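The values are calculated or read from the model by the stated rules, or taken from the named source; none is laboratory data. Remember, it's a predicted structure, so these values are computed and weren't measured experimentally. For neighbour counting, all protein chains shown are included, and Cβ atoms are generated from backbone atoms with ideal geometry for every residue, glycine included. All accessible areas refer to the heavy atoms of the entire protein, side chains included, with ligands and DNA or RNA removed. Shrake-Rupley method; radii C 1.70, N 1.55, O 1.52, S 1.80 Å.
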Amino acid sequence: MVRQPVVQTTSPLGQDEDRDLRPQWLSEMVGQRQVYERIKIAIEAALKRGEPLGHILFDGPPGLGKTTFALCIPRELGVPIQIANGATLKAPKDIIPYLTNATERSVLFIDEIHRMHKSVEEFLYPAMEDFRIDLTLGEGINARTINMPLKPFTLIGATTRTGLLSAPLRERFQMREHLDFYSIEELAEIIRRNAVKLRVSVDEPAALEIAARSRGTPRVANNRLRWVRDYATSKANGRITLSVAQDALQMQGIDSLGLDPQDRKYLETIGRVFGGGPVGVEAVAHTMNVPSDTLIDEVEPFLLRSELLVRTPRGRRLTEAGFRHLGLPVPNQPQGFLF
Ligand code: ADP
């Protein structure tokens with residue numbers, strides 16, 4: 001007996017803590033202009049032709065808008081969405097109900113699609129390509145395969161690690177869109193809009209300060225804004241001025257680059273314990289007692305992009321900027337030979 005997934009049409013992600021701030025329509029999304037333009041064209045074409053939208057894969061670090069895009073798209077198309085998570089798709093039987101429940105032109109969103117079991121990936125190939133699944137009935141010499149047609153649907157996948165997807169799966173997505181970090185101005189715009197939604201007044205310099213300390217990520221910007229709002233309510237008659245924002249962020253241990261204590265602990269572990277590296281991420285993860293996936297998915301992308309850290313064939317290394325940011329002496333033998 002296969003488990004029936006919940007078909008969510010109006011309010012996906014019931015537990016969604018970001019729901020009140022998450023853009024509902026593509027036009028409300030800030031930044032990622034090129035991705036936005038391409039998606040809009042694909043949606044318009046699908047609507048004009050009355051065909052399902054091609055499958056889309058979003059990749060990029062957490063909190064940059066993969067889920068937001070995935071939830072806006074069916075709304076724009078006026079179709080229902082089902083939501084699954086790759087981590088729970090361990091065998092073909094786990095995905096069958098989603099596929100058979102998919103209505104014409106509806107969207108199936110698989111978050112963390114890289115965590116899907118290989119057998120599920122393979123099972124998906126004919127579903128994506130020909131809208132059919134091959135079911136094997138019986139066992140041994142009595143086994144036979146029947147083809148079951150599906151309604152034409154759109155698969156949207158999201159992943160923080162495209163590298164972990166097999167090439168055949170990747171290639172079955174008509175569009176592959178990479179989301180990158182946001183500029184400070186884009187994050188400031190998100191903060192201004194969300195301050196209105198949260199009914200808090202934020203001074204312009206404060207909006208820019210929070211944006212600059214948000215690790216290039218809307219989700220982080222929203223979290224920082226919520227905290228600064230709480231701080232302003234509790235300590236300063238509710239209005240977010242520059243000094244209120246600075247005090248609030250300092251209290252959370254957020255530094256001038258927006259790094260939080262975990263980011264700095266990661267850099268410090270490499271700097272102090274491993275002499276700046278090179279060191280394997282597993283060793284750092286053990287020392288810090290955190291899962292290496294957390295470091296790879298959540299901590300490293302922004303540190304790499306800020307050039308505080310580099311990845312070399314022999315492991316992670318702090319850059320000169322990394323040492324300086326921590327206030328550690330830059331080793332005499334700068335690791336220039338590796339760069
Ligand atoms: P991901 O799926 O990539 O981890 P999400 O789509 O869940 O990230 O985004 C996290 C939050 O950041 C959303 O709930 C939303 O509030 C905000 N956000 C993301 N992208 C944008 C954007 N382009 N414009 C405005 N807010 C955004």
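A few comments on the model shown:
- Beta bridge orientation in the chain: antiparallel %, DSSP, nearest 5: 40 percent
- According to the Cα-based calculation, Rg over Rh for the chain is 1.03, with Rh computed by the Kirkwood formula.
- Using the Cβ-Cβ distance between SER27 and LEU164 with R0 = 41 Å, the FRET efficiency computed as 1/(1 + (r/R0)^6) comes to roughly 0.80.
- The LEU257 and LEU137 beta-carbon pair, evaluated with R₀ = 56 Å, returns a calculated FRET efficiency of approximately 0.45.
- The orientation-averaged projected area of the convex hull spanned by the Cα atoms of region 88-153 comes to 4.6 nm².
- Residues in region 160-197 that a label on ARG38 would reach, taking backbone N under 19 Å of a point 7 Å out along Cα→Cβ: 160-183
- Region 139-276 - percent relative contact order, Cα under 8 Å, separation 6 or more: 19 percent
- Over region 206-300, relative contact order from alpha-carbon pairs under 8 Å, at least 6 apart, %: 22 percent
- Sum of -39500 (n - 2.57) over DSSP H runs of 4+, divided by residues of the chain (222 nm, nearest 500): -12000 deg cm²/dmol
- Region 206-339 - convex hull of alpha carbons, volume per residue in Å³: 108 Å³
- Dividing the convex hull volume of the alpha carbon atoms of region 36-115 by its residue count gives 90 Å³ per residue.
- Accessible area per residue, Å², the chain with all protein chains present, probe 1.4 Å: 49 Å²
- Subtracting the Cα-Cα distance of SER234 and VAL330 from 0.36 nm times their residue separation leaves 30.4 nm of extension gain.
- Carbon plus sulfur fraction of accessible area for the chain, probe 1.4 Å, in percent: 50 percent
- Note: relative contact order over the chain, using C-alpha pairs below 8 Å and six or more positions apart, is 15 percent.
- When you count the other C-beta atoms within 10 angstrom of each residue and take the mean per peptide, 264-277, 59-72 line up highest first as 59-72, 264-277.
- Extended-chain gain in nm, criterion 0.36 nm per residue less alpha-carbon gap, LYS197 and LYS118: 24.2 nm
- Ligands, DNA and RNA aside, HIS178 has an accessible area near 100 Å² when probed at 1.4 Å.
- Extended-chain gain in nm, criterion 0.36 nm per residue less alpha-carbon gap, SER292 and LYS48: 83.3 nm
- With q set to 0.20 Å⁻¹, the log10 of I(q)/I(0) for region 126-190, from the Debye formula over equal scatterers at the Cα positions, is -0.93.
- Computed about the Cα centre, the dipole magnitude for region 247-316 is approximately 360 debye when only Lys and Arg (+1) and Asp and Glu (-1) carry charge, each at its Cβ.
- Cα-derived Rg to Rh of region 151-270, Kirkwood definition: 1.13
- Lysines with Cα under 16 Å of LYS93, excluding same-chain neighbours fewer than 8 positions away: LYS118
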